[in-house]
Amino acid sequence: MWTAIRAFLWVYALVALVVVGALAFAWRFVAPPPPREVVVATAAPGGAYHEAAEAWGRILAREGITLRLRPTAGSIENLRLLSTDPPEVDLALVQGGVGGEAAWPGLESLAAVFFEPLWVFVRGADPDDRLAALAGRRIAIGPEGSGTRALALELLAGNGVRPEDATLLPIGGMEAAEALAAGTIDAAMFVSARPTAPIVRLLRAPGVTLLDFRSRADAYVAAFPYLTRVTLPAGAVDLAGDLPAEDAVLVAPMAQVVAHGAIHPQIVALLMEAFTETHRGRQLFAPAGRFPSADPTDWPLNADAARYLRHGPGFLKRYLPFWAAVWIERMWVLVIPLLTIAIPLARLAPPLWRWQIDRKVYRWYRHVRRLEAALRAARSEEERRRVSAELDALADRVGRVRVPLSHAQPLYQLRSHIALIRDGALR
């Protein structure tokens, strides 16, 4: 019994050693686990970017991932933080049209998540609806590093208003709104997904008008492909106060989520779930289901994000907790080589075990053949007695060999052969 157990352990220890070696080799190709903390560059607290990131953070927190928000001046600063070596943030909200792969290489888009229209307020009850009319005026276009400033400069330039043709002030938010309401500036530009406090302040301010792009919206969309024509419905800001009193047509870039190329695929999948949960509903400027979207984006679309947008969450993530799905997907790279090696080895192990048992018997036949040949060659009685003594010693050693009962027949055949030769030596 113990002989069989030892043979069994020897064979399967060899199989286990081969499997462990294969797993050790395959482990080199196992993806690292996702990080427990992810950093996102937003914009100023209280804005749409910051609020969106806070909503994502609550969703990621359910899976044990911390989303740390880093306030910034806006899209341009966000891109700078993403493009440092190493990146200072993992992902960022970026206004459509402020960059692209040529200016900011090595980045990937995860999705567009909402429209953020350009709100242009000017003084006067019936102003000229062309941006060209702002030449020579004092215009608040947002602080340095903001997407508002980048978009304002591009649209003003498209209307022939260069920086030297107007007084462009690097202010935004409530500071710009109060300055326009007080009459110390002539126009203010904001980019926002919703009516923020500065925008509502100016919608209510006497002598200030929201510029309606109705007559030229299609021209802007044709000239600047990252823009989309959107409509602010009458009463959408304040239904009881009928604010605004009429529909207003605006032009809007899309807010995009951009990441560095090394972002972890599992984090991308979790972020896509957060984007979907947060932004798939009806928005002020978009119907339900419009976001998250893969079109248009200013950078190549991340492969994992594209897969999610086409097919939704993977099979495991639909039915398992996040970390369980992550563990299985990471270990899958080990399962393939394990099955490739373990199945043939498992089939090979029983024959190998039988060979190991039989070897304990058959290895003695080398001695049997040698002594049989010596017996035939013996010419004297003394030589025959010497061979007979060796056969006795061999029989004694073979008698101490232990094999399982299932393999006893070859052992007893060996003993019979030795006895037969020994009998011949005694005649």
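Taking the condition of being among the hydrophobic types (A, V, I, L, M, F, W, C) and either assigned to a helix (DSSP H, G or I) or without any contact (Cβ under 8 Å) to a residue 12 or more places away in the chain (or both), how many residues in segment 54-77 meet it? Outline the logic, then answer.
Filtering segment 54-77 for residues among the hydrophobic types (A, V, I, L, M, F, W, C) gives 55-56, 59-61, 65, 67, 69, 73, 76.
Next cut, either assigned to a helix (DSSP H, G or I) or without any contact (Cβ under 8 Å) to a residue 12 or more places away in the chain (or both) only: 55-56, 59-61, 76.
Number satisfying all stated conditions: 6.
Taking the condition of being in contact (Cβ under 8 Å) with a residue 24 or more places away in the chain and in a loop (DSSP other than H, G, I, E, B), how many residues in segment 104-130 meet it? Explain how you work it out, then say what you get.
Our first condition is that a residue be in contact (Cβ under 8 Å) with a residue 24 or more places away in the chain; within segment 104-130, this holds for 104, 106-127, 129-130.
This time we only want the ones that are in a loop (DSSP other than H, G, I, E, B), so: 104, 106, 116-117, 124-127, 129-130.
Matching residues across segment 104-130 total 10.
In segment 236-270, how many are in contact with a Leu (Cβ under 7 Å, 6 or more places away or on another chain) and assigned to a helix (DSSP H, G or I)?
Residues in segment 236-270 being in contact with a Leu (Cβ under 7 Å, 6 or more places away or on another chain) and assigned to a helix (DSSP H, G or I): 2 in total.
Residues Arg130, Arg123: which one is touching a strand residue (DSSP E or B) at 6+ places or on another chain (Cβ under 8 Å) and under 30 Å from Pro244 (Cβ atoms)?
Arg123
Counting only residues that are without any contact (Cβ under 8 Å) to a residue 60 or more places away in the chain and under 17 Å from Ala252 (Cβ atoms), which one in segment 204-234 is surrounded by the fewest Cβ atoms within 10 Å (Cβ to Cβ)?
Checking each candidate, the answer is Ala222.
Which ones in segment 279-310 are farther than 23 Å from Gly99 by Cα and surrounded by fewer than 16 Cβ atoms within 10 Å (Cβ to Cβ)?
Arg280, Gly281, Arg282, Pro287, Ala288, Gly289, Arg310
Anything in segment 137-173 that is of a type outside the set (A, V, I, L, M, F, W, C), within 16 Å of Leu227 (Cβ to Cβ) and in contact with a strand residue (DSSP E or B) (Cβ under 7 Å, 6 or more places away or on another chain)? List them, or say none.
Let us first name the residues in segment 137-173 that are of a type outside the set (A, V, I, L, M, F, W, C), namely 137-138, 142-149, 154, 158-160, 162-165, 167, 170, 172-173.
Checking which are within 16 Å of Leu227 (Cβ to Cβ) leaves us with 147-148, 154, 158-159.
Gly147, Thr148 - these are the residues of segment 137-173 that are of a type outside the set (A, V, I, L, M, F, W, C), within 16 Å of Leu227 (Cβ to Cβ) and in contact with a strand residue (DSSP E or B) (Cβ under 7 Å, 6 or more places away or on another chain).
When residues of segment 203-235 are filtered for being part of a loop (DSSP other than H, G, I, E, B), under 17 Å from Phe285 (Cα atoms) and not aliphatic (A, V, I, L, M), how many remain?
Residues in segment 203-235 being part of a loop (DSSP other than H, G, I, E, B), under 17 Å from Phe285 (Cα atoms) and not aliphatic (A, V, I, L, M): 6 in total.
If you check Ile185 against the conditions, is it among the β-branched types (Val, Ile, Thr), assigned to a loop (DSSP other than H, G, I, E, B), in contact with a strand residue (DSSP E or B) (Cβ under 8 Å, 6 or more places away or on another chain) and touching a residue at least 12 places away in the same chain (Cβ under 8 Å)? Walk me through it before giving the result.
Values: among the β-branched types (Val, Ile, Thr): yes; assigned to a loop (DSSP other than H, G, I, E, B): yes; in contact with a strand residue (DSSP E or B) (Cβ under 8 Å, 6 or more places away or on another chain): yes; touching a residue at least 12 places away in the same chain (Cβ under 8 Å): yes.
Yes: the conditions hold for Ile185.
Those residues that are modelled with pLDDT under 95 and surrounded by 23 or more Cβ atoms within 10 Å (Cβ to Cβ), I need them from segment 110-123; list them, please. Don't jump to the end; show me each part of the working.
Step one: list which residues in segment 110-123 are modelled with pLDDT under 95, which gives 123.
The answer is none; no residue qualifies.
Condition first: within 42 Å of the chain's Cα centre (by Cα) and among the polar types (S, T, N, Q). Can you find one or more residues in segment 208-226 that meet it?
The answer is no; no qualifying residue exists.
Give just the number: which of (1) buried (at least 20 other Cβ atoms within 10 Å of the Cβ); (2) touching a Ser or Thr at 6+ places or on another chain (Cβ under 8 Å) does Leu91 not satisfy?
Only one criterion in (1) buried (at least 20 other Cβ atoms within 10 Å of the Cβ); (2) touching a Ser or Thr at 6+ places or on another chain (Cβ under 8 Å) is unmet by Leu91, namely (2).
Please tell me if Glu63 is under 14 Å from Met272 (Cα atoms), assigned by TED's automatic domain parsing to the domain that holds Leu271, out of contact with any Ser or Thr (no Cβ under 9 Å at 6 or more places or on another chain) and surrounded by fewer than 18 Cβ atoms within 10 Å (Cβ to Cβ).
Details: under 14 Å from Met272 (Cα atoms): yes; assigned by TED's automatic domain parsing to the domain that holds Leu271: yes; out of contact with any Ser or Thr (no Cβ under 9 Å at 6 or more places or on another chain): yes; surrounded by fewer than 18 Cβ atoms within 10 Å (Cβ to Cβ): yes.
Yes; evaluated as a whole, the condition is true for this residue.
Can you work out which of the residues in segment 400-411 that are assigned to a helix (DSSP H, G or I) and surrounded by fewer than 11 Cβ atoms within 10 Å (Cβ to Cβ) is farthest from the chain's Cα centre (by Cα)? Don't jump to the end; show me each part of the working.
Of segment 400-411, the ones assigned to a helix (DSSP H, G or I) are 405-411.
Then keep just the ones that are surrounded by fewer than 11 Cβ atoms within 10 Å (Cβ to Cβ); that gives 405-406.
Values: Leu405: 58, Ser406: 56 Å.
Looking at the filtered set, the residue picked out is Leu405.
The values are calculated or read from the model by the stated rules, or taken from the named source; none is laboratory data. Please read these numbers as outputs of a predicted model, since none were measured by experiment. Don't worry about glycine lacking a Cβ; one is built from the backbone with ideal geometry, like all the others, and counts go over all protein chains shown.
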